Every structure is written in C-alpha cells, then in structure tokens.
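First comes the structure, then the notes that go with it.
The values are calculated or read from the model by the stated rules, or taken from the named source; none is laboratory data. Nothing here was measured: the structure is a model prediction, and the numbers come from that model. No Cβ is skipped: glycine too gets one built from the backbone with ideal geometry, and neighbour counts run over all protein chains shown. When the accessible area is computed, the model is the full protein with side chains, heavy atoms only, and any ligands, DNA or RNA have been set aside. Shrake-Rupley method; radii C 1.70, N 1.55, O 1.52, S 1.80 Å.
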Amino acid sequence: MRNVIVQDRNAEQIAGSGSALRAPQPRGRKGFDYLIVGAGFAGSVLAERLAAGLGKRVLVVDRRPHIGGNAYDYHDEAGILIHRYGPHIFHTNSKRIVDYLSRFTEWRPYEHRVLAEVDGQQLPIPINMTTLNRLYDLDLKTEEEAAAFLASRAEKVEDIRTSEDVVINQIGRELYEKFFRGYTRKQWGLDPSQLDKMVTSRVPTRTNEDDRYFTDTFQQMPLHGYTRMFEKMLDHPNIKVMINTDYREIRDEVQYEHLVYCGPIDEYFDYRFGKLPYRSLQFEHKSLDQEQFQAVGVVNYPSEEVPYTRISEYKHLTGQVHQKTSVTYEYPAAEGDPYYPIPRPENAELYKRYQQLADKTPNVTFLGRLGTYKYYNMDQVVGQALALYKRIEEAAEQGQAEQPMARQAT
Ligand code: FAD
Ligand code: UDP
C-alpha cells in the first residue's frame, strides 16, 4: 500500500488513508465541513479562506504526491528549482489577487521573454518590430511603419471565429504559417481553424519593440517558489492535507458537509455524457553541465518538423545562480494528465451539459481549470476561488445554508 501523508502543521507522516479520520477534531463536531479535491491554486486558496476566514474544518486531498497542482516546483537532482509541469510565470492586473497571495510569499521581479525559432533564427514572439526587421531584413523605425507593413500583409476576415481567422486578419497568411500554424497544430492536435479564436488571441501582435510576453502590471515570481507558497497557504490548524489520495478512495470513508471538486468535471460524473477533451503534454526534464542553455526563459519551436513545442530554462525565471542548468522539453500528447481544456464550440456544448448536471447536484461545487473546463491562468483561478469564497462568506453572514448559491463557480 502506498504511503499517505497527512500534512498537518507538523507535517507528520502516517500510513493508510484511514488515518485522516483519526485526525483530532474539535470536540462535539464530527468530520469536516469541507472536502476539497485538488491541492492546486483553486483548492488551496479556497481551503485557506474557509479555514482562516470562517473557521471551517477542511480536508484537502490530491492524488498526486505533492501539493501545488500544476504549479508545483521542486529542486531536481542537480539542485535547480524546476517546475514539474512546465514553466509557470505569474502575471496579473489584479491588485486584489497580488495582495492576497502576498500573505504567503515574497516576490521576485521577472518579465518573461520568449523567442521563436523560425527560418533558422530565434525571433521575438509576440511578433514585434524587431521580429519583422530581422525576419525580412527590413529597417522599420516607427510604429507607423511597422503597422503599415503588417496591414499590407493582413487579409481581412469578416467574421472572426477561429484561431486561424484572428491571426490571418492581423498579420496575414505567411506570418501565420511561420509562427502560429505549426505550433498550434502540435500543441492542440488540431488546426487553428478548428479552435476558438481565444486560443491564439492570447498572443498579441506589436508594432513597437516591446519584447515582453506579457504586459500585465504585475509580473513577478514567488521568491522561494510556488510550492513554498502553497505550504504556507495550507499551514493552518483547521486544514488537513492528504496527498497520494484519490477522491474515490476516501469519499465513503470521510464525513463532510460540502464537496468542492477541482478535478475534471466529466470524471466526477463518470463520463456520463462522454469524455470532455483535454490536451496533455509529456515533459522531458534534463539537467545540463553548463551554466546557461538558451538566451531567454522559453524558446518556441513552431516548425512541425520539430516534435516538441518549446524548451524552458528555469534559471531565467527564478534567478538561481548555479554552475549547472535545467531545461524542460514539452511534447504535446492526446493521452495523459488533463492539462488544457480544448476551446472549441462542441466542447463548450458538452461542458454545458455537465454544468447543468452539476447545478442539480446538491452540496458539490466545481472549481478551477478542470472543474469548470476553462483555459484559465493561475491568477484567474485564484480570482475564481476568492469569488466563490466571497459568496460562501456572504451567505454565512446572512445565516443561509451555504451550498445553494455556490454550486457552480464562475
Ligand atoms: P490544477 O493545478 O490542475 O490542480 C488540480 C488538482 O486536482 C491536481 O493536482 C490533481 O492531481 C487534483 N485532482 C484531480 N482529480 C482528483 C481526484 N479525483 N482526487 C484527488 N485529486 C484530484 N498559468 C499562468 O498563469 N502562467 C503560466 O505561465 C502558466 N503556464 C502553464 C504551463 C502549463 C504547461 C500548463 C499545463 C498550465 C499553465 N498555466 C499557467 C495554467 C495553470 O497551471 C493553471 O491555471 C492552474 O494551475 C490551475 O489550478 P487548478 O487548481 O484549477 O488546477
Ligand atoms: N501560439 C503559437 N505560437 C507561439 C506561441 C503561441 O501558435 O509561438 C499559439 C498556440 O496555439 C498556443 C496559444 O497561441 O497554444 C496560446 O499561447 P500561450 O503561450 O498563451 O500558451 P500556454 O502558455 O497556455 O501554453
């Protein structure tokens, strides 16, 4: 039998999932107020708020051997802080979200820069004036000149619906094919014409020389990493954490009033209406006997000749000084852990059916990227969890039963 870690304030290790049931409870109250499935951003933020804000007793379970969900980081054998599930760069425009997370971490300024390898050169992506000058051997000097160049290439699309439409309309077919088509086909296993426009709209086009990947007002990394931040968030006497524990293993063993489910919503309902498509990735982590591998944190490889989509080198993100370096190659995959909900109309329809079923399921709330089938960044998931907490808190203040208003997080 696998070891199950019940992480309370002393992080004691106990074998056997039944042990959580013997965890000391306040006198006169049995079980937990909340069972939260998933110790990622969604589950951990909500657990912290319920415990610290409302004095609720919370059990968090995760089937992975660690907390932090996809944002989990750790020191590899070489001693480099790496992200197990690919590079996670924190950026947001929300002061409220920064203020909240700042209770659990200090920060390190980091502006993410990405290069895309196209026609044998590594060029800035998002496409900007420098990209155009270097790719076409031009000498564009002003924003107006760059805008005019792009306008001369753009192909007007009347009804912009897909990830192909949005790019072609902005920059034309040639640049689309060089920078977007291959990457997207590899990443999603679909042609951009089959994906909602929101996917490639995440990457803007610039006419200036700004080569940052994001323009958010706050761009910083947790100073000691994400996992340390999660440890602090979950370090509360009312919170118990069980890792290596699937919800199905304990659902009949644990007493609780409400369930918050941050895993895939279709899995919760035993795929009643069929599987919701998620895209997966295989990560190949390597540590190298050299101080630096590439010029920036992430280099993208849009060519379909190359099997991976990008290589990330963590020292750029973390600022760690070390004689060695560690990198991760990402290979998109159809099978494996569900990482990306796939934004396209038929999937949104299928999700709606699960959502309607969820609305009719008492005492269960779905939350997070997998629970609400949303292509959310970390800050958006934190915002979603804080919004759910606010509704629970308001209902508690009004003395209402806490569940009905919170069955579907938005
Ligand atoms: P998750 O982190 O997926 O947590 C859900 C947890 O639930 C998992 O740990 C899972 O093990 C657990 N679980 C599921 N089912 C069960 C079950 N039955 N029993 C027990 N446990 C269960 N966002 C950014 O803002 N910036 C980035 O740079 C960025 N980069 C990314 C790169 C990659 C490769 C990926 C995949 C995502 C990236 N994201 C990024 C998005 C970010 O990972 C998510 O927004 C965030 O982690 C979602 O948090 P969550 O809690 O909703 O889900
Ligand atoms: N994309 C692309 N080429 C790139 C970068 C991104 O075609 O060089 C497309 C691709 O479809 C990708 C999407 O834009 O999935 C969103 O990019 P982002 O970097 O936001 O992806 P994520 O970090 O979520 O994997």
>> Pairwise over distinct Cα atoms, reciprocal of the mean inverse distance: report the Kirkwood radius of the stretch 300-353 in Å, one decimal place.
In response: 14.4 Å
> Equivalent-ellipsoid semi-axes (√(5λ), Cα gyration tensor) for the stretch 241-397, whole Å, largest first?
Replying inline: 36, 20, 16
> Just from its helices, what would the mean residue ellipticity at 222 nm be for the chain, if runs of 4 or more DSSP H residues each count -39500 (n - 2.57) and the sum is divided by every residue, rounded to the nearest 500 deg cm²/dmol?
Replying inline: -8500 deg cm²/dmol
> So, by mean Cβ neighbours within 10 angstrom, what's the order for 142-149, 223-230 with the highest one leading?
Replying inline: 223-230, 142-149
> Counting pairs of alpha carbon atoms under 8 Å apart in space and at least six apart in sequence, what relative contact order in percent does the stretch 96-225 give?
Replying inline: 37 percent
> Mind listing which GluC sites (Glu not before Pro) in the stretch 161-265 are in a DSSP loop and have 14 or fewer other Cβ atoms within 10 Å?
Replying inline: Glu209, Glu253
> Peptides 379-385, 280-286: what's the order by average Cβ count within 10 Å, highest mean first?
Replying inline: 379-385, 280-286
> So what are the radius of gyration and Dmax for the Cα set of the stretch 81-207, in Å?
Replying inline: 17.2, 49
>> As a test of understanding, state the convex hull volume per residue of the chain from its alpha carbons, in Å³.
In response: 160 Å³
>> If you take every residue apart from Ser303 with its C-beta less than 14 Å away from the C-beta of Ser303, what net charge results, scoring Lys and Arg +1 and Asp and Glu -1?
In response: 0
>> Which lysines, if any, have their Cα less than 20 Å from the Cα of Lys240, not counting same-chain residues under 8 positions apart?
In response: Lys30, Lys56, Lys232
>> Order 232-240, 288-296 from most to least packed using the mean count of other Cβ atoms within 10 Å.
In response: 232-240, 288-296
>> Report, in listed order, any pair from Lys178/Lys286; Lys360/Lys390; Lys315/Lys374 with a Cα-Cα distance greater than 24 Å.
In response: Lys178/Lys286; Lys315/Lys374
> What figure in square angstrom, to the nearest 10, would you give for the accessible area of Asp210 with a 1.4 Å probe?
Replying inline: 40 Å²
>> Using a 7 Å offset from the Cα along the Cα-to-Cβ direction at both Glu304 and Gln320, what is the distance between the two label points in nm, to one decimal?
In response: 3.7 nm
> How big is D for the stretch 165-316, in µm² s⁻¹ as a whole number, if Stokes-Einstein is applied with the Kirkwood radius of its Cα pairs at 4 °C and 1.567 mPa s?
Replying inline: 64 µm²/s
> On full extension of the chain, what length is gained from Glu349 through Asp235, given 0.36 nm per residue of separation minus the C-alpha to C-alpha distance?
Replying inline: 37.1 nm
>> So for the chain, averaging the separation of alpha carbon pairs under 8 Å that are six or more residues apart and normalising by length, what relative contact order in percent results?
In response: 24 percent
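Need one number: % antiparallel among DSSP beta bridges in the chain, to the nearest 5.
65 percent
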> Tally Lys/Arg at +1 and Asp/Glu at -1 over every other residue whose Cβ is under 9 Å from the Cβ of Asn70; what's the total?
Replying inline: +1
